[in-house]
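Worksheet for the structure shown next.
Bear in mind these aren't lab numbers, they're just calculated from the coordinates by the rules spelled out. Predicted, not measured: the structure shown is a model, and the values here were computed from it. Quick reminder, even Gly has a Cβ in these numbers, built from the backbone with ideal geometry, and neighbours come from all protein chains shown.
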Amino acid sequence: MTLKELNFIIHKESKSSTYKFALLRATIDIINNHSENIHFKNNRAYLPIGLFAIKWIEYFYPIFQNKKWIKAQTTAPKLAFETELLAATKYYNKVAGLNTLYDNLFKGIDNIEEKTLIQKLIRKLCSTIKLQPMRYFGSSIKNEGYSVYNLEPVSRTNRDNSITMSSILSANKTVSIPLEFFKLLEDLGTFLSGEQNILFQWSNFCATSGSNRRLDKLEILNVLLQSKAVNRNTNEAKKLVNQFGPARCVWDGSNITNFEIDHVFPYSIYFNNSLWNLLPSKSTTNNKKRAKIPTVERIENSKERIITYWGHYERNPKFMNEFSFDLNCNTFNEGIERMKKKSDYLINNKGYEPWK
């Protein structure tokens with residue numbers, strides 16, 4: 001698997017996104033911190049599913065303790081393992097929380113109530129991980145289940161009377177991933193998961209470099225992230241379109257009364273709210289396009305309508321400044337070519353989904 005394909009999977013496969021991100025984070029975590037539990041055969045790396053379950057407890061336990069998250073989830077679909085994890089958090093919050101759970105797993109859990117609680121949680125987590133994110137991860141590329149993560153049989157060892165970290169690993173199946181995917185996550189995983197993310201490193205440096213005071217890392221991170229904050233308001237473009245008379249959909253040319261302003265290059269990917277990137281579209285078309293990138297052919301077919309709207313937008317004093325700065329050109333025909341080049345790059349180099 002290439003970085004381009006991984007990027008495509010991350011952005012394309014939106015179903016059960018929480019599971020997808022947790023699976024990827026756990027895979028990265030296991031590769032980089034638990035090499036002793038990994039073995040290799042026939043160009044594949046083998047990892048214990050039980051370790052994924054342990055990692056998911058580590059990730060989701062703090063989330064389930066967060067009161068704002070719990071309140072926000074009252075109307076949202078439940079996670080498959082929510083009942084079991086809530087029972088665990090309720091039990092362990094009485095005895096110092098997640099640290100106690102981990103300590104007990106290393107010591108061995110013999111208490112019947114606690115043992116039953118953990119057995120149910122691990123069983124549910126393993127089942128969820130196997131049947132959902134592992135099954136669908138990569139299906140957008142190969143159109144088949146388990147295209148990246150393959151379930152492998154394991155010779156079960158005798159179960160101990162107590163539950164331990166080791167017994168959780170040995171009592172569950174292993175999963176294999178392609179060696180090239182393993183090496184990709186081994187090299188770049190900590191950057192993808194955020195552990196070596198530049199912004200996190202920067203905020204950590206700022207928090208510890210002051211000679212007289214210690215700054216809060218999260219506050220600094222929020223400040224650094226603000227540099228990417230762009231006003232996403234499209235009212236200015238909508239007002240300009242309304243001044244031109246009956247609007248036409250930029251993508252199919254049909255007349256539209258109730259139009260939406262479409263970010264040609266999706267805001268979630270390009271973070272651009274300049275007028276040249278804001279064009280009218282039918283709501284049904286805009287919903288189909290969503291966060292996809294219009295292909296070179298799509299842009300060429302809409303060229304005349306795009307240029308027409310740019311011509312109308314010129315009456316706004318900032319339009320040409322945005323246009324020439326963002327696209328590094330001064331004519332509309334050049335602008336179309338720059339858009340095509342950007343489309344080709346985002347689709348073929350970065351792996352974003354094309355809109356044909």
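Amide H to amide H distances under 5 Å link A45 with I177, L179, where only residues 5 or more positions off or on other chains count and H is placed in the peptide plane.
Only aspartates and glutamates eight or more places from K342 in sequence, or on another chain, were considered; those with a Cα closer than 14 Å are E297, E300, D326, E334, E353. One entry in [x] -0.21, -0.28, -0.37; [y] -0.33, -0.44, -0.56; [z] -0.35, -0.48, -0.62 is log10 I(q)/I(0) by the Debye sum over Cα atoms at q = 0.06, 0.07, 0.08 Å⁻¹ calculated from the shown coordinates; its label is [y]. Counting only helical runs of four or more DSSP H residues, what would the 222 nm mean residue ellipticity of the chain come to if each run contributes -39,500 (n - 2.57) and the total is spread over all its residues? It lands at -16500 deg cm²/dmol.
Using bins of 10 Å that start at zero, the share of Cα-Cα pairs per bin across region 7-58 amounts to 22, 46, 30, 2, in whole %. Separation of the alpha carbons by more than 26 angstrom is noted, of K289/K341; K78/K107; K183/K292, for K78/K107; K183/K292.
Applied to region 257-271, the Karplus parametrisation 6.51 cos²θ - 1.76 cosθ + 1.60 on θ = phi - 60° returns per-residue 3J(HN,Hα) values of 8, 9, 9, 10, 8, 9, 7, 3, 9, x, 4, 5, 9, 9, 6 Hz, with x for Gly and Pro.
Using a ≥ b ≥ c from the Cα gyration tensor of region 3-200 (square roots of the eigenvalues), is it rounded, prolate or oblate, where a/c under 1.5 gives rounded and otherwise the larger of a/b and b/c decides, a/b for prolate?
Here region 3-200 falls in the oblate category.
Placing R0 at 35 angstrom, the Cβ-Cβ distance between E36 and T116 gives a FRET efficiency of 0.75 after rounding to 0.05. Rounded to whole numbers, the Karplus 3J(HN,Hα) couplings from phi for region 310-317 are 4, x, 5, 5, 4, 5, 7, x Hz, using 6.51 cos²θ - 1.76 cosθ + 1.60 with θ = phi - 60°, and x at Gly and Pro.
Exceedance of the 18 Å cut-off in Cα-Cα distance is limited, within the set K288/K350; K4/K288; K303/K356; K12/K173; K239/K318; K94/K217, to K288/K350; K4/K288; K12/K173; K94/K217. Above 22 Å lies some portion of the pair distances; for region 259-356, what is it as a whole percent of all C-alpha pairs? More than 22 Å apart: 22 percent of the Cα pairs in region 259-356. Build a GNM of the chain with springs between Cα atoms under 10 Å apart, and of D344, D29, D216 the one that fluctuates most is D216.
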